[in-house]
Every structure is written in structure tokens, then in C-alpha cells.
Amino acid sequence: MAKTLKEAPITTASARNKLPTGEYARRLDADAAIWYRRGKRGGVWFTRWRNHGAGANYLQAPVGPANDVNDKPTDGLLTFSQAETQARQIVAKARQEAKAAAAGPVLTVRLAVETYVAERDARDSRRKGREVRSDASQRLRRYVLGQEKRGKQEAVPAAKLAEVGLHALKESDLLEWRKALPEELKATTEQRLINDLKASLNGAYAVHRERLDPTLPAIIKHGLKAEKMDTDEAAPLARDNQILSAAQVGKLLAAAREIDTEGNWDGDLFRLVVVLAATGARFSQVARMKVGDVQRAQGRLMIPSSRKGRGGKIASTPHPVGKDVLDALLPATTGRGNEEILLERWRSKQVAGSIGWERAGRGSWQFASELQRPWQEIRERAKLPAAIPYSLRHSSIVRGIRANLPIRLVAALHDTSVPMIERHYGRWIADGLEDLAAAAVVPLVPLESNVVELGRR
């Protein structure tokens, strides 16, 4: 193409007006050119480039109508400079798509997300010992991949983003997807969803780096970056009504014991709530505790590290507890091996041919949702309607802060970071240090009698 192409003066409107009807070109590079087709009613721009794959020797695409009046930008008409810019973009995109197709099946956002979902489902199933769908799977299917009608849940169409090829992914594609998310979606849920999508795209780039543009990680980073809150007031994670006093926690535990007895839980429900209240640990951590994690001689429980973050954590964190807590756990440890799961519950199955249920053995607590129904009864019985299970964690953290424990220690005991504590519990840090701050107060204003005496002198 470069050896035989004859270039014509088409860069200005006056030069084009001197040309007879026909097609004229200007080279973009060795294998591509922008063309001007002059007709009786005006001219148009199109681009043509060499096709190195199967099919015709050349491919072409329209660019737009030409501005043959002058060389100023005009709505609906393109100057040579504008047409050249668009032509280069068209050729670059076509070459990019051809390269991606030649390397194998086109890598799309859908393929990246489906691979990530399969990995997360496999990981959670391995941890649970049975086939389960991960939280990431549920979020990504609902807001990216789409899902078919399931029971009472209506079918959800796939997001337009799902069909975008990773080779052509732009920051605007990600921003458009974020803008289309439901307004009622909680901020925490939205951020988890964004983190899942980011992980899936970055994972695809890591595996197929040789096939993708090296700028893709930057596109992902900026398109899915966390948004700053447009407010001058900090929004603490823990609301005032979720910080419980020791007496209120006691009411919840008393109610849990009563509900446990009435519902024939055999102590399983009560022991779970006791550990949550005593340690402030997350449900997922408590559910993985083993019998050997109860160290009665040392007066502590060993809490497994959470699976949040990027790893590099210690296996478990010692958390001192009182004799009352250890005594409450005694039935769950007596006569059992150290490697057995500490907190279990009865599993039930439906009796064949009837609407009744029967017990089908014991197993570990699997999901926090298993606590939802009995917790509703517990808080109603305790007359604390605003309390949620996570209130026990909030309250434990604030108790440590108010006891003037070092913030680093409070963070370590609760398997979180100092910045997280400072960000979400800053108000209670100030309250807890009030006595220390008061001790540093010195009198500054002189007494009135001293002022009078100085005036006489």
C-alpha cells in the first residue's frame, strides 16, 4: 500500500474544492490511509487499511462527511484534522480486535468474571466441605453477568459491560457501569461488588498479560477506584444505638439462654452468642474455632484470623476471657478432640412423605444468616430492637477503647487495623481518653483578686 499509494492535496477545504470527482488518499502509516471521496453534492471521509488476516486484502470503514466550506470545526462536518484523528482511532481499534481474535477466543469481561466466580465458589465449597455459592458469585451474577429467574427472584439481565472485550475496555465503560448501579444499594455492598469486579479483571490480566494492552491495569484502577464521600462529616461504622453497655450485653445473653432452652438448641445458640459477645470476633472467625482453641489454663480463647486482606497474618489471636465464658463453653469441650469444631448445631431434614422435620446429625455453623431468625427473638426478648449481631463486635471494640487500652492492642484483639479503628471509632477514642486529657489541664485564667493586686502595683 505504501509503495503504490499516490497522495493528494486533501488537507484543506480550498485544496479539496479544486479536485474533480473521485477518491483521493493521504497516508496514515505504512498500511493505512485516510481517503476523501468527492461527489457532486459534497465530500465524505473514509479510512482503509491492510488486512493481514484471512479475507480481503484491505478493510475500510466510514469516518463522516467532510467540511468543504472552511477548515473550522462545524457540527456534523469534519475537517481533515478531525477526520484524521477519528480514522486513526478506527484503525487502531480494528487492529487491536484482530490481534485479540488471532490469539484465541476474545477475552471479555464476562469470561474474566465467570473464571473468578468459579474460583471463589470452589474456594468457599472447599472451606465449607460442600458445594456452595460464594457471596462474590451472588453479587457478580446480579449486577454483571445476569441471572435467570429463580423461585421468587425475577430474572436479571446482564450488564452491557459483560460483553466488552478486555482488549477494548475503557475507563468510561467501568464508570458507566458504576453509574447504572441501583441507588438503594448500600455503600458497603457496592464497594464489595466493585472489589470483586476489580479482582476478576486484574486476575484475567495476570493470566493473559501477553494478549492484553499493558495499560489495562491503569484503566481498571481508575475506573473502579473508591469514591470520596462528598461530606464534611465523618460517618462512623458503628451507630450510637449499636454500642451496648455491659448490662445490655447481659440482657442479650440472658435472652439467648432462654431462647436456646425453649427452642431445644441444646446450648448451641447460647454458646455462639457468648463467644461473639466475649471476643468481638466476626461470625466467620468464631465458626472456624476448634475445641483446642479454648485454653482454660491460660484463661483465653484463640480466635482464627479472618480471611480478609492479602494474607501474611498469624494463624490465630489470643483473646483473654473470664471464667464465666470458659464455664459456658465447658459442655462443648468435654470429651472432644482438639481438632473438632468447637461450636456446632443440629441439622434437620424433612421426614419422607410428611411435612415434619427430624434431626439429621450435628455440624458447624455455616452462614451468618443461620443466626438471623433466633437473633430476632433474642433482641425482642431483651427489649433491644436496634441491636444486631455485629453490635457485639462494635461494643467489644468500644469497651477496649474506653478502658484506655492501646489502640494497637484493640486492633490486634479484633483482627483489624489501627486506621480502621481510628476511622470508624474515632469518637469513642476521644471519649476514652477524656480522663487523660483532663489530667493535662492547667489553670490559665488568673484569679480576680490577683488582677486587682497587680493593678495597684
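The values are calculated or read from the model by the stated rules, or taken from the named source; none is laboratory data. Here the structure is a predicted model, which is why all the values come from computation and not from measurement. Ideal geometry is used to build each Cβ from the backbone, glycine not excepted, and the neighbour counts take in all protein chains shown. Note: areas computed on protein heavy atoms with side chains; ligands, DNA, RNA excluded. Shrake-Rupley method; radii C 1.70, N 1.55, O 1.52, S 1.80 Å.
Annotations for the structure displayed:
- The range 333-352 - residue that is of a type in the set (A, V, I, L, M, F, W, C) and either closer than 22 Å to Pro304 by Cβ or in a loop (DSSP other than H, G, I, E, B) (or both) and, of those, most open to solvent (accessible area, probe 1.4 Å): Ala352
- Those helices (runs of 4 or more DSSP H) of the range 33-141 in which at least 3 residues are touching a Leu at 6+ places or on another chain (Cβ under 7 Å), considering only elements entirely within it, cover 80-102, 109-128.
- Residue that is open to solvent by less than 60 Å² (accessible area, probe 1.4 Å) and modelled with pLDDT of 90 or more, where the choices are Thr85, Thr47: Thr47
- For Asp135, the conditions (1) closer than 30 Å to Arg50 by Cβ; (2) within 13 Å of the chain's Cα centre (by Cα) are fulfilled apart from (1).
- Failed condition for Pro217, given (1) without any contact (Cβ under 8 Å) to a residue 24 or more places away in the chain; (2) open to solvent by 50 Å² or more (accessible area, probe 1.4 Å): (2)
- Verdict on Ile421 being at pLDDT below 90, over 26 Å from the mean Cα position of the chain (by Cα), surrounded by 14 or more Cβ atoms within 10 Å (Cβ to Cβ) and over 30 Å from Gly263 (Cα atoms): no
- Some residue of the range 372-386 being surrounded by 12 or more Cβ atoms within 10 Å (Cβ to Cβ), at negative phi, among the aliphatic types (A, V, I, L, M) and assigned to a loop (DSSP other than H, G, I, E, B): yes
- Output for the range 23-38, where each listed residue is surrounded by fewer than 18 Cβ atoms within 10 Å (Cβ to Cβ) and touching a Gly at 6+ places or on another chain (Cβ under 9 Å): Arg37
- Verdict on Ala159 being among the aliphatic types (A, V, I, L, M) and open to solvent by less than 50 Å² (accessible area, probe 1.4 Å): yes
- Residue identified as closer than 29 Å to Leu269 by Cα, free of Cβ contacts under 8 Å to residues at least 12 places away in the same chain and open to solvent by less than 70 Å² (accessible area, probe 1.4 Å) among Gly361, Gly356: Gly356
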